[in-house]
Amino acid sequence: MLQVKQKTLLKRSRFALLEVLSTSFQPSSISVLDARSFVVGTLEDFQHARIVDIEGHESTFQGVTFPDKTYAWLGLSTCTYIQDNNTLVVSDFMNDIVYLHNTTTGSCIEVKDARIQKPGGVCPGPHGIVLVCCCSNNSVVKMTGSGEILESVHVDINIPRAIAVSQNGESLVVAGEGGIFYDFYDAGELLSEKY
């Protein structure tokens, strides 16, 4: 079980606007791809994710085929990239699915499981795992990059929508509905490599 460490942003955390990048599409989510690029989720676009580098140049994932649908509103789909196994992760809120696109082979795994209910935010965890916020059951699902569900952990947040892991892998932050509300968790149990 996750233990709540703190319910406020740490005072040592600093946020600063460094630069604004314009895109030719409507962005819905953003995640780090590598040191010079981001994976950006899209709205009303059949390319569910694009690559945008730090100069603002856009490209697509070559060889990746997305399902033939678009997402019209923020929160209906988010994406992230798992560098350990070259996997683009895309959540589908309305259909209770998480897509795992291998960007090297072009293959796609569709993960549909009773524990994945209204998937929201997704993020990479250590050792190539994927963390998924599940809005309907107030939980975080931990799965492998090949789609095996390792566990589902209840979080004390109403409708968890966004998730991130600290750079050192020791803390997890989950944001939920009802304004900006953060809980900090000791990520040891959820992020351990016991599987």
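The values are calculated or read from the model by the stated rules, or taken from the named source; none is laboratory data. All values reported here derive from a predicted model rather than from experimental measurement. Note: ideal-geometry Cβ built from the backbone for every residue, glycine included; neighbour counts use all protein chains shown.
Within region 146-162, residues that are without any contact (Cβ under 8 Å) to a residue 40 or more places away in the chain sit with their Cβ atoms under 7 Å from residues that are crowded, with 18+ Cβ neighbours inside 10 Å and β-branched (V, I, T), at 6+ positions apart or across chains, in these pairs: I149/V141; S152/V141; I157/V174. Going by the structure shown, is V98 among the β-branched types (V, I, T), over 25 Å from P160 (Cβ atoms) and surrounded by 15 or more Cβ atoms within 10 Å (Cβ to Cβ)? So V98 does not fit the description; no.
Of T144, T104, all but one fail to be surrounded by fewer than 16 Cβ atoms within 10 Å (Cβ to Cβ) and under 22 Å from P67 (Cα atoms); the exception is T104. Only one of the listed residues (D68, D34, D45, D53) is surrounded by 17 or more Cβ atoms within 10 Å (Cβ to Cβ) and of a type in the set (D, E). That residue is D45. Among the residues of region 37-61, the ones that are touching a residue at least 40 places away in the same chain (Cβ under 8 Å) and part of a loop (DSSP other than H, G, I, E, B) come to 2 in all.
L18 passes every criterion in (1) aliphatic (A, V, I, L, M); (2) over 23 Å from L172 (Cβ atoms); (3) at pLDDT 85 or above apart from (3).
Of the strands (runs of 3 or more DSSP E) that lie entirely inside region 79-195, those containing 2 or more residues that are modelled with pLDDT under 85 and of a type in the set (S, T, Y) span 182-186.
Of all residues in region 105-124, those that are touching a residue at least 24 places away in the same chain (Cβ under 8 Å) and more than 13 Å from T144 (Cα to Cα) have Cβ atoms under 9 Å from Cβ atoms of residues that are basic (K, R) and not in a strand (DSSP E or B), 6 or more apart or on another chain, in G120/R161; G121/R161. Looking across region 71-87 at every residue that is crowded, with 20+ Cβ neighbours inside 10 Å and of a type in the set (F, W, Y), the one that is nearest to the chain's Cα centre (by Cα) is identified as Y81.
A single member of N85, N168 is free of Cβ contacts under 8 Å to residues at least 60 places away in the same chain and not aromatic (F, W, Y), and it is N168.
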